[in-house]
Amino acid sequence: MKQEREARLNGILDELSSLYARMDDAGVATLVEWLRDESAVFIGGAGRSGLLLRCFAMRLMHMGMRVHFLGDTLTPAAVAGDVLLVGSGSGETESLVAAMRKADRLGLRKALVTTRPDSTMGRMADVVVTLPAPPPKGGGHAEAVTSSQPMGNLFEQGMFLFLDALVMELMAAEAIDSPTMFTRHANLE
């Protein structure tokens, strides 16, 4: 049992290493620039992707950024120049496509993390970060990428770790350390 579990974990790590080796990070520098310019950041995702994006939003808040999650009751109005960052494996999640359209009309800068840069949202986004993994809804990255994991796990894991690395890049660029971030950690727990 333990050997089988270790083999599965090592398989997951191998898949993630392969994903990052094939990842095209052409849009990442622009995304970092946008996140550093003090505009409000609106983040959106559905399902498991949405849960992982909430983790990213929390870390941006810990860094002192004005960050909001789409659909929350406390999310304020967006204005031209703000940033919308969406994560969607398929790039076709209807509620997020609608948010991208609205963001376009409002003049927001739009970024997408996806497996499908050729998707509806991929064509709408100003910046696309492509993680070469199979999306849960079919279609997928141009390469024939497979995974031993179910559904969109590889994309979701890849996005989560990519966004954690992005936080570390932002921390270095802004000279923010973990103790400083911890001062913004929830204290009414």
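The values are calculated or read from the model by the stated rules, or taken from the named source; none is laboratory data. These numbers come from a predicted model, not from an experiment. Note: ideal-geometry Cβ built from the backbone for every residue, glycine included; neighbour counts use all protein chains shown. Ligands, DNA and RNA are excluded from the accessible area calculation, which covers all protein heavy atoms including side chains. Shrake-Rupley method; radii C 1.70, N 1.55, O 1.52, S 1.80 Å.
Could I have the simple spin-label model distance between residue 24 and residue 101, label points 7 Å from Cα toward Cβ, reported in nm to one decimal?
Each label point is offset 7 Å from its Cα along the Cβ direction, giving 2.6 nm.
What FRET efficiency, computed as 1/(1 + (r/R0)^6) with R0 = 22 Å and r the Cβ-Cβ distance, is obtained for residue 4 and residue 148, rounded to the nearest 0.05?
In this case the efficiency is close to 0.95.
How much accessible area per residue does the chain have, in Å², with a 1.4 Å probe?
54 Å²
With +1 on each Lys and Arg Cβ and -1 on each Asp and Glu Cβ, how big is the dipole of segment 1-133 about its Cα centre, in debye rounded to the nearest 20?
My answer is approximately 280 debye.
Residue 69's amide H: which non-local residues (gap 5+, or another chain) put their own amide H closer than 5 Å, with H modeled 1.01 Å from N in plane and none for Pro or chain starts?
For residue 69, whose amide H was placed from the backbone, the distant partners under 5 Å are 43.
First select every other residue whose beta carbon is under 15 angstrom from the beta carbon of residue 182; then total the charges, Lys and Arg +1, Asp and Glu -1.
Summing Lys and Arg as +1 and Asp and Glu as -1 gives 0.
Are there any GluC sites (Glu not before Pro) in segment 1-97 that are in a DSSP loop and have at most 13 other Cβ atoms within 10 Å? List them by number.
For GluC sites (Glu not before Pro) across segment 1-97 that sit outside H, G, I, E and B with at most 13 neighbouring Cβ atoms in 10 Å, the list reads 38.
Sort segment 84-189 into rounded, prolate or oblate with this rule: let a ≥ b ≥ c be the square roots of the eigenvalues of the Cα gyration tensor; rounded if a/c is under 1.5, and if a/c is not under 1.5, prolate when a/b is larger than b/c, oblate otherwise.
Oblate shape, in that a/c is at least 1.5 and b/c is the bigger or equal ratio.
Can you pull the accessible area of residue 177 for me, 1.4 Å probe, Å² to the nearest 10?
So the heavy atoms of residue 177 present about 80 Å² to solvent.
Would you compute, from DSSP H runs of 4+ residues alone, the mean residue ellipticity of the chain at 222 nm, taking -39500 (n - 2.57) per run and dividing by the full residue count, rounded to the nearest 500?
Rounded to the nearest 500, the figure is -15500 deg cm²/dmol.
Rounded to whole Å, give me the distance from the Cα center of segment 1-37 to that of segment 112-127.
Cα centroid to Cα centroid, the span is 18 Å.
Select from the chain the helices, each a whole stretch of DSSP H, whose alpha-carbon atoms run 15 Å or more along the helix axis and whose Kyte-Doolittle mean is at least -0.5; answer none if there are none.
47-62, 94-106, 153-174
Take the solvent-accessible surface of the protein heavy atoms, probe 1.4 Å, and return the percent of it on the chain that carbon and sulfur atoms account for.
Looking at the chain in its full context, I get 55 percent from C and S.
Given points 7 Å out from each Cα along the Cα-Cβ axis, report the residue 72 to residue 12 separation in nanometres with one decimal.
Modelled inter-label distance: 2.6 nm.
What percent do you get for the relative contact order of segment 45-189 when only Cα pairs under 8 Å and 6+ apart count?
Across segment 45-189, relative contact order equals 23 percent.
Below 8 Å between Cα atoms, with a sequence gap of 6+, how large is the relative contact order for segment 1-123 in percent?
Value for segment 1-123: 22 percent.
Would you mind classifying the chain by shape? Square roots of the alpha carbon gyration tensor eigenvalues, ordered a ≥ b ≥ c; an a/c under 1.5 is rounded, otherwise it is prolate if a/b is larger than b/c and oblate if not.
Cα axes put the chain in the oblate bin.
Within 10 Å, at most 15 other Cβ atoms, and a DSSP state outside H, G, I, E, B define an exposed site. Report the longest part of the chain free of exposed trypsin sites (Lys or Arg not before Pro).
In the chain, the maximal stretch lacking such sites is 67-183.
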